[in-house]
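S.K.: Dropping the structure in here first, questions after.
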Amino acid sequence: MFDIGLNLTSAQFAKDRDEVVARAFAAGVSGLLLTGTNLYESEQAQLLAQRYQHCWSTAGVHPHDSSQWAHESAEALHRLAATPEVVAIGECGLDFNRNFSTPEEQEMAFTAQLALAAELGMPVFMHCRDAHERFLALLDPWLEKLPGAVLHCFTGSRQEALDCLNRGLYLGITGWVCDERRGLELRELLSVIPADRLLLETDAPYLLPRDMQPKPASRRNEPAYLGHIAERVSYWRGEDAQWLAAQTDDNVRRLFGVQF
């Protein structure tokens, strides 16, 4: 049971980061992928992955931070990608919901990171919100040159899921699916995701599953809660929870090439 999306560099974990990681492994989590969202956070994620066993990281620039992209950004990511802890380029992609960076800046940074991943033969860890058609248009020319790709924290429609699956993408499912208000559509489409294309994640400290009982005292999400997400996903898919956890672990090994 591997958490492919954990923002361990978040300030919300500053006071008890060691305990958070320890609780995750005590709860049965088998490994953690720490998300890099800009150059600084990617460097910090790599250092944390180096610090903890069974942890790896991504290196990339999130669409929100795309305005920071420069020629030197690719060089910095290239250096990070050479370390054994970094196993994917990203988080990269498009987010036209908030447009903290302009669409043009986002598209430039996304394409540059796809090119870097293709050059290095590394998978990509991607983000897409309210930008599905443009996201696919930019991604499609690179798919044959990439060893693999995951759209993390997937919350799109059934058709969007099928569009991604038909391109061979993996889909990352979070505790969003446990939300009785926002997660119902995602819950309904879980069955269309082949087991060998499904990945699980918390996106902690965000997206605390709303149906946990008893509810945690803090609204902060933790990787220790991945088991709850896995149990609910397996229930809604009509599959054994242990079998699904083992299958998603195999998917992690195949996509990211890690051993745990």
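S.K.: Work from the charge dipole of the chain (Cβ charges, +1 for Lys and Arg, -1 for Asp and Glu, about the Cα centre) and give the residue of L39, F100, W56 farthest towards its positive end.
M.R.: About the Cα centre, the residue reaching furthest to the positive side is W56.
S.K.: Near Q159, within a Cβ-to-Cβ distance under 12 Å, what is the net charge of the other residues, with Lys and Arg +1 and Asp and Glu -1?
M.R.: -3
S.K.: Go through Y40, Y206 and list them by solvent-accessible area, largest first, probe radius 1.4 Å.
M.R.: Working: Y40 135, Y206 110 Å².
Ranked from most to least accessible, the order is Y40, Y206.
S.K.: So who's got an amide H within less than 5 Å of the one on F2, skipping anything under 5 residues away but keeping other chains? H placed 1.01 Å off N, in plane.
M.R.: Here the answer is S30, D249, since their amide H atoms fall under 5 Å of that of F2.
S.K.: Okay, moving on. Can you bin segment 171-260 into rounded, prolate or oblate? Criterion: square roots of the alpha carbon gyration tensor eigenvalues sorted a ≥ b ≥ c, rounded for a/c under 1.5, prolate for a/b above b/c, oblate for the rest. Present the calculation step by step, with values, prior to reporting the outcome.
M.R.: Details: a/c = 1.89, a/b = 1.33, b/c = 1.42.
In terms of gyration-tensor shape, oblate.
S.K.: What does the net charge come to around P103 if you take all other residues with beta carbon closer than 15 Å to its beta carbon, with K and R at +1 and D and E at -1?
M.R.: Summing Lys and Arg as +1 and Asp and Glu as -1 gives -4.
S.K.: Per residue, how many Å² of accessible area does the chain show with a 1.4 Å probe?
M.R.: Details: 11210 Å² over 260 residues.
On a per-residue basis, 43 Å².
S.K.: Between A217 and E144, what FRET efficiency comes out of the Förster formula 1/(1 + (r/R0)^6) with R0 = 51 Å and r the beta carbon distance, rounded to 0.05? Walk me through the intermediate numbers first.
M.R.: Working: r = 49 Å, r/R0 = 0.95.
So the FRET efficiency works out to roughly 0.55.
S.K.: Where does each of R197, R17 land when they are ordered by accessible area, with a 1.4 Å probe and the largest first?
M.R.: On the way: R197 70, R17 45 Å².
Most to least solvent-accessible, the answer reads R197, R17.
S.K.: How many nm separate the modelled label positions at Q159 and R17, each set 7 Å beyond the Cα in the direction of the Cβ?
M.R.: 4.4 nm
S.K.: Subtract the Cα-Cα distance of Q259 and A246 from 0.36 nm times their separation in residues, and report this length gain in nm to one decimal.
M.R.: Extra length from Q259 to A246 when fully extended: 3.3 nm.
S.K.: Further question on the same structure: Tell me the carbon and sulfur percent of the accessible area for the chain, rounded to whole percent, probe radius 1.4 Å. If you can, show how the numbers build up before the last one.
M.R.: Details: 5470 of 11210 Å².
Taking all protein chains in place, the chain shows 49 percent carbon and sulfur surface.
S.K.: I've got another one for you. Using a/c under 1.5 as the rounded threshold, could you call segment 7-48 rounded, prolate or oblate? The axes a ≥ b ≥ c are square roots of the C-alpha gyration tensor eigenvalues, and prolate needs a/b larger than b/c, oblate otherwise. Working shown, then result.
M.R.: Values: a/c = 2.86, a/b = 1.62, b/c = 1.76.
Here segment 7-48 falls in the oblate category.
S.K.: Then there's this: With θ set to phi - 60°, apply the Karplus curve 6.51 cos²θ - 1.76 cosθ + 1.60 along segment 202-212 and write out the HN-Hα couplings as whole Hz, x wherever there is a Gly or Pro.
M.R.: Each residue of segment 202-212 in turn: 9, 6, 4, x, 8, 6, 4, x, 6, 9, 5 Hz.
S.K.: A further question follows. When ranked by the protection proxy of mean other Cβ atoms within 10 Å per residue, highest first, what sequence do the peptides 144-153, 216-225 form? If you can, show how the numbers build up before the last one.
M.R.: Numbers: 144-153: 20.0, 216-225: 17.8.
The peptides rank, most packed first, as 144-153, 216-225.
S.K.: Just to verify a number: what accessible area does L94 come out at with the full protein assembly present, 1.4 Å probe, Å² rounded to tens?
M.R.: 0 Å²
S.K.: Which of the three applies to segment 95-197, rounded, prolate or oblate, going by the alpha-carbon gyration tensor with a ≥ b ≥ c and a/c under 1.5 meaning rounded? Before the final figure, lay out the partial values.
M.R.: Numbers: a/c = 2.21, a/b = 1.36, b/c = 1.63.
Oblate, since a/c reaches 1.5 and b/c is not below a/b.
S.K.: Length gain on complete extension for the stretch R210 to T111, per 0.36 nm per residue less the alpha carbon to alpha carbon distance? Write down the numbers at each step before the final one.
M.R.: Values: separation 99, 0.36 × 99 = 35.64 nm, distance 3.52 nm.
Once the chain is fully extended between R210 and T111, it gains 32.1 nm.
S.K.: Now a separate question. Please report the orientation-averaged projected area of the chain, defined via the convex hull of its C-alpha atoms, in nm². Provide the component values of the computation, followed by the final result.
M.R.: Numbers: hull surface 49.6 nm².
The Cα convex hull of the chain, projected and averaged over all directions, gives 12.4 nm².
S.K.: Set the Förster distance to 25 Å, then compute FRET efficiency between S10 and N166 from the Cβ-Cβ distance, nearest 0.05.
M.R.: Working: r = 34 Å, r/R0 = 1.35.
Once the sixth-power term is evaluated, E becomes 0.15.
The values are calculated or read from the model by the stated rules, or taken from the named source; none is laboratory data. Note that the coordinates shown come from a computational prediction; the quantities given were computed from them, not determined experimentally. With ideal geometry, Cβ positions are generated from the backbone for all residues, glycine too; neighbour counts draw on all protein chains shown. Side chains included, ligands, DNA and RNA excluded: accessible areas come from the protein's heavy atoms. Shrake-Rupley method; radii C 1.70, N 1.55, O 1.52, S 1.80 Å.
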